[in-house]
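Step one of this worksheet: look at the structure below.
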Amino acid sequence: MTRSPQAPRPLAAGNWKMNGLLAARTEVEALGRRIAAAPPACDVLICPPATLIRPFAGAWSGQGIAFGGQDCHAAASGAHTGDISAAMIADAGGAYVIIGHSERRAAYGESDAAIAAKAEAALSAGLVAIVCVGETLAERDAGSAIAVVCGQVDASLPPAATPDAVVVAYEPVWAIGTGRTPSSGDIAAMHAAIRERLTARFGAQEGPRFRILYGGSVKPSNAAEILHLANVDGALVGGASLKAADFDAILDAYRG
Ligand code: PEP
């Protein structure tokens, strides 16, 4: 099954993780040029290290690329050395923030409840929260992938979630940075299950409006096949978002 014409406008999001210095602005510049020359039918987002949000957003916001953070604290301010608040990301020119990436769930023990609190803080600051969910290989092998992910969707989305303010990113942990991806059938089945969950919770009007991204080893060679699946409303891209040429080739999936 392929995407329906009523599906939400897709989002192609790049997660640079802890990569990139100011010199990487040449990649953003190159991407901006390609987007201006051939605009894709999707929103484009780059989430660089927090130090680069201000210089990038200052130079390129409003020119076809939005910018965002990779995490935020649940509190608005206070004694949290080394952390960044949602308002600080917004103040730097960010419009989105990734919350609950599996690397943070694993490295910092972030729970679903902590992620929901961070997402709530993001919404309060006017950011769009990209909430990440995904099963481990052991959970997939045990046949519990859909139950695990739907449980994460239930518990990680804050009560105030709306389709305009929250994006769900399905990222199988075992597919991130490994070059491995689930089959198209498995991706479609998971996205359909997430859609069903969102519709059960938010209703028949709002549920179908949420964007559900796929993430995990998306690259130019597999982007079109994955991104044209039903209920796949974009991608969260790690490694392949670092180079303008690669990220732009992924955007080709949304060019006519
Ligand atoms: C990610 O870290 O969100 C990700 C999807 O990484 P990669 O595309 O490199 O697998």
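Here are a few things to note about the model shown:
- Pair Ser184, Arg255: separation of 7 Å Cα→Cβ label points (nm): 2.2
- In sequence order, the range 2-11 has phi-based couplings of 10, 4, 8, x, 7, 4, x, 4, x, 10 Hz under the Karplus curve 6.51 cos²θ - 1.76 cosθ + 1.60, θ = phi - 60°, and Gly or Pro positions carry x.
- Projected label distance in nm at Asp141 and Asp164, using a 7 Å step from Cα toward the beta-carbon: 4.6
- Carbon + sulfur, % of accessible area of the chain - ligands and nucleic acids excluded, 1.4 Å: 56
- Gyration tensor (alpha-carbon) shape descriptor, the range 98-199, a/c threshold 1.5: prolate
- For the range 11-254, the per residue solvent-accessible surface stands at 40 Å², with DNA, RNA and ligands left out and a 1.4 Å probe.
- Largest-first ellipsoid semi-axes for the range 11-254, taking √(5λ) over the Cα gyration tensor eigenvalues, angstrom: 25, 22, 17
- Net +/- balance of residues flanking Pro182 in space, Cβ distance below 15 Å, scoring K and R +1, D and E -1: -3
- Computed accessible area, Glu225, all protein chains, 1.4 angstrom probe, square angstrom: 120
- Rounded FRET efficiency, nearest 0.05, which uses the C-beta distance separating Val148 from Gln205 and R0 of 30 Å: 0.60
- The range 179-256 and the range 113-146 have Cα centres spaced 15 Å apart.
- The calculated FRET efficiency for Leu21 paired with Thr81, based on their beta-carbon distance and R0 = 25 Å, is about 0.60.
- The H on the amide N of Phe210, modeled in the peptide plane, is under 5 Å from the matching H of no residue at least 5 residues off or on a different chain.
- The antiparallel fraction among DSSP beta bridges confined to the chain stands at about 5%.
- Helix-only mean residue ellipticity at 222 nm for the chain, each DSSP H run of n ≥ 4 adding -39500 (n - 2.57), per residue, nearest 500: -12000 deg cm²/dmol
- Dipole moment magnitude, nearest 20 debye, the range 11-254 about Cα centre, only Lys, Arg, Asp, Glu C-beta charged: 320
- Phi angles of the range 53-60 translate, via the Karplus equation with coefficients 6.51, -1.76, 1.60 and θ = phi - 60°, into HN-Hα couplings of 4, 4, x, 6, 5, x, 8, 10 Hz per residue; Gly and Pro are given as x.
- Residue-wise HN-Hα couplings along the range 32-48, as the Karplus relation 6.51 cos²θ - 1.76 cosθ + 1.60 with θ = phi - 60° gives them from phi, are x, 5, 5, 5, 5, 6, 8, x, x, 8, 7, 7, 10, 9, 10, 10, x Hz; Gly and Pro carry x.
- For Ala155 and Glu29, the difference between the fully extended length at 0.36 nm per residue and the C-alpha to C-alpha distance is 41.5 nm.
The values are calculated or read from the model by the stated rules, or taken from the named source; none is laboratory data. The shown structure was predicted, so the numbers you read here are calculated from the model rather than taken from an experiment. Because the Cβ atoms are built from the backbone with ideal geometry, glycine has one as well, and the counts that use them run over all protein chains shown. These area figures cover heavy atoms from the full protein model, side chains too; ligands, DNA and RNA do not enter into them. Shrake-Rupley method; radii C 1.70, N 1.55, O 1.52, S 1.80 Å.
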